[in-house]
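Undergrad: Take this structure first; my questions come after.
The values are calculated or read from the model by the stated rules, or taken from the named source; none is laboratory data. Note that the coordinates shown come from a computational prediction; the quantities given were computed from them, not determined experimentally. Every residue, glycine among them, receives a Cβ derived from its backbone with ideal geometry; neighbour counts consider all protein chains shown.
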Amino acid sequence: MILGEVNVKTYLSKSKLPGVDYTINPYVGCPHKCVYCYAEYMKKFTAHPEPWGEFLDVRRCPVPLRPYLLFHTHVMLSSVTDAYNPYEKEFRLTRKLMEQLVFCQAHVQMLTKSPLIVRDIDLFKKLPSFEGALSFSSAQESFRQLAEPCAGTVQEKLNALKTLKENGLSTAVVIAPIFPQITDWKEIIALTRPYTDRYHFDALNMRPAYQKRVMVFISLYFPQYLELYSSIYEQQDLSYWRRLQEEINDFCQREHIQGRADFKHVFSARRSPEDLE
Ligand code: SF4
């Protein structure tokens, strides 16, 4: 892993996500190396020749977060990195930012695939509101190892959710990305429901930059689904997602689960990866 530093004028990015005022990405790059990583486009803003996943820059900013700007705003960490990547143990930058967010009294939503989130529970409790969201593309550890080789294990993420809940914090599970025929979303719900307040669902949304990599992944490990993936992603057959969206929403309603699937963006040419910020 190539470690570096970059100086920035601010940690804050104005967000286009619904209900989020700002996003904060403490790092550039992400060592979790998810095969479907949608944030890879960030590499073009760096001078790194290394592939995405092989470098991590710590963002340094001399200006602290200001309460006059952030008081009771909604801030999300993180959209194009994981704020609790393994190197955060050493750099403690996310923790320093959380201390500033406590000072600013911002509402915080944390999205991560790492059990390191529990380290900062003492700070989360001092915020006006906090939601810890753990993301799962599968409940199967064998799949997690293939698709998200350097992120937290399924069991570690379950333990993290449980610990957040036991500490009286709001929790969410992001079932994403849903890999057609592979992600058993009902299994993820069954495992996580005792510790989860609400669910988000997102489809595997392939952009040209990483579609080839994901299709190679499918052909290597799940060749039996190659035809289906080809019909969805190459021939752009939306019927799979329409059926799945209906099935998930019926299930959530029937089981009184707070959460809705909305996959209309899957093939939207207008949605660029930058919209995730
Ligand atoms: S955790 Fe998120 S940003 Fe990091 S590699 Fe995985 S998808 Fe990309």
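Undergrad: Pairs under 8 Å by beta carbon, first residue within 16 Å of the ligand (Cβ to nearest atom) in segment 91-118, partner part of a helix (DSSP H, G or I) and at pLDDT below 95, six or more apart or different chains?
TA: none
Undergrad: Here is a list of conditions, (1) part of a loop (DSSP other than H, G, I, E, B); (2) under 15 Å from SER78 (Cβ atoms); (3) touching a helix residue (DSSP H, G or I) at 6+ places or on another chain (Cβ under 6 Å), and ALA151 meets all of them except one; can you say which number that is?
TA: With respect to (1) part of a loop (DSSP other than H, G, I, E, B); (2) under 15 Å from SER78 (Cβ atoms); (3) touching a helix residue (DSSP H, G or I) at 6+ places or on another chain (Cβ under 6 Å), ALA151 is out only on (3).
Undergrad: On to the next question. What about PHE124, is it out of contact with any Phe, Trp or Tyr (no Cβ under 6 Å at 6 or more places or on another chain) and among the aromatic types (Phe, Trp, Tyr)?
TA: Answer is no for this residue.
Undergrad: Now for a separate question. Pick from LEU191, LEU158, LEU164, LEU169: which is surrounded by 15 or more Cβ atoms within 10 Å (Cβ to Cβ), away from the ligand (no atom under 16 Å from the Cβ), at pLDDT 95 or above and over 22 Å from ASN85 (Cβ atoms)?
TA: It is LEU191.
Undergrad: Now for a different question. Of (1) crowded, with 19+ Cβ neighbours inside 10 Å; (2) at negative phi; (3) within 16 Å of the ligand (Cβ to nearest atom); (4) not hydrophobic (A, V, I, L, M, F, W, C), PRO51 satisfies all except one. Which?
TA: (1)
Undergrad: Considering segment 71-85 alone, what residues qualify as being surrounded by fewer than 23 Cβ atoms within 10 Å (Cβ to Cβ), closer than 18 Å to LYS16 by Cβ and not polar (S, T, N, Q)?
TA: Listed by number, the residues that qualify are HIS74, VAL80.
Undergrad: Pairs please, first residue from segment 20-44 and of a type in the set (S, T, N, Q), second anywhere and more than 11 Å from the ligand (Cβ to nearest atom) and at pLDDT below 95, Cβ atoms under 7 Å, 6+ apart in sequence or on different chains.
TA: THR23/GLU277
Undergrad: Of TYR87, TYR68, which residue is free of Cβ contacts under 8 Å to residues at least 24 places away in the same chain and out of contact with any His (no Cβ under 7 Å at 6 or more places or on another chain)?
TA: TYR68 is the lone residue from the list that is free of Cβ contacts under 8 Å to residues at least 24 places away in the same chain and out of contact with any His (no Cβ under 7 Å at 6 or more places or on another chain).
Undergrad: Could you list, in sequence order, all residues of segment 214-232 that are over 30 Å from GLU131 (Cβ atoms) and either surrounded by 14 or more Cβ atoms within 10 Å (Cβ to Cβ) or within 17 Å of the chain's Cα centre (by Cα) (or both)?
TA: MET215, PHE217, ILE218, TYR221, PHE222, TYR225, LEU228, TYR229, SER230, SER231, ILE232
Undergrad: Quick check on my filter: what residues within segment 1-18 are part of a loop (DSSP other than H, G, I, E, B), more than 20 Å from LEU65 (Cβ to Cβ) and of a type in the set (A, V, I, L, M, F, W, C)?
TA: Listed by number, the list holds a single entry, MET1.
Undergrad: From the list TYR38, TYR22, TYR11, which residue is within 13 Å of SER78 (Cβ to Cβ) and within 14 Å of the ligand (Cβ to nearest atom)?
TA: Step by step, each of TYR38, TYR22, TYR11 is checked, and only TYR38 is within 13 Å of SER78 (Cβ to Cβ) and within 14 Å of the ligand (Cβ to nearest atom).
Undergrad: Also, quick follow-up: Just checking, how many residues over segment 203-244 are farther than 25 Å from TRP52 by Cα, part of a helix (DSSP H, G or I) and touching a residue at least 24 places away in the same chain (Cβ under 8 Å)?
TA: The qualifying residues number 6.
Undergrad: For LEU56, which of the numbered conditions (1) within 16 Å of the ligand (Cβ to nearest atom); (2) among the aliphatic types (A, V, I, L, M); (3) touching an Asp or Glu at 6+ places or on another chain (Cβ under 9 Å) fails to hold?
TA: Every condition holds for LEU56 apart from (3).
Undergrad: Just the residues that are more than 12 Å from the ligand (Cβ to nearest atom), touching a helix residue (DSSP H, G or I) at 6+ places or on another chain (Cβ under 7 Å) and either under 18 Å from LYS157 (Cβ atoms) or not in a loop (DSSP other than H, G, I, E, B) (or both), please, taken from segment 68-87.
TA: LEU70, VAL75
Undergrad: Would you mind stating whether ALA133 is surrounded by 19 or more Cβ atoms within 10 Å (Cβ to Cβ), within 16 Å of the ligand (Cβ to nearest atom) and modelled with pLDDT of 95 or more? Spell out the reasoning first.
TA: Details: surrounded by 19 or more Cβ atoms within 10 Å (Cβ to Cβ): yes; within 16 Å of the ligand (Cβ to nearest atom): yes; modelled with pLDDT of 95 or more: yes.
Spelling it out, ALA133 is indeed surrounded by 19 or more Cβ atoms within 10 Å (Cβ to Cβ), within 16 Å of the ligand (Cβ to nearest atom) and modelled with pLDDT of 95 or more.
Undergrad: Would you mention how many residues in segment 39-67 are part of a loop (DSSP other than H, G, I, E, B) and not hydroxyl-bearing (Ser, Thr, Tyr)?
TA: If we filter segment 39-67 for residues that are part of a loop (DSSP other than H, G, I, E, B), which is where we start, we get 39, 46-54, 61-66.
This time we only want the ones that are not hydroxyl-bearing (Ser, Thr, Tyr), so: 39, 47-54, 61-66.
Adding up the residues that qualify gives 15.
Residues are listed down the side, and each one gets a yes or a no for (1) under 23 Å from ILE117 (Cβ atoms); (2) polar (S, T, N, Q):
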| position | (1), (2) |
| --- | --- |
| PHE45 | no, no |
| PRO51 | no, no |
| LEU56 | yes, no |
| PRO62 | no, no |
| HIS72 | yes, no |
| LEU77 | yes, no |
| ASN85 | yes, yes |
| GLU90 | yes, no |
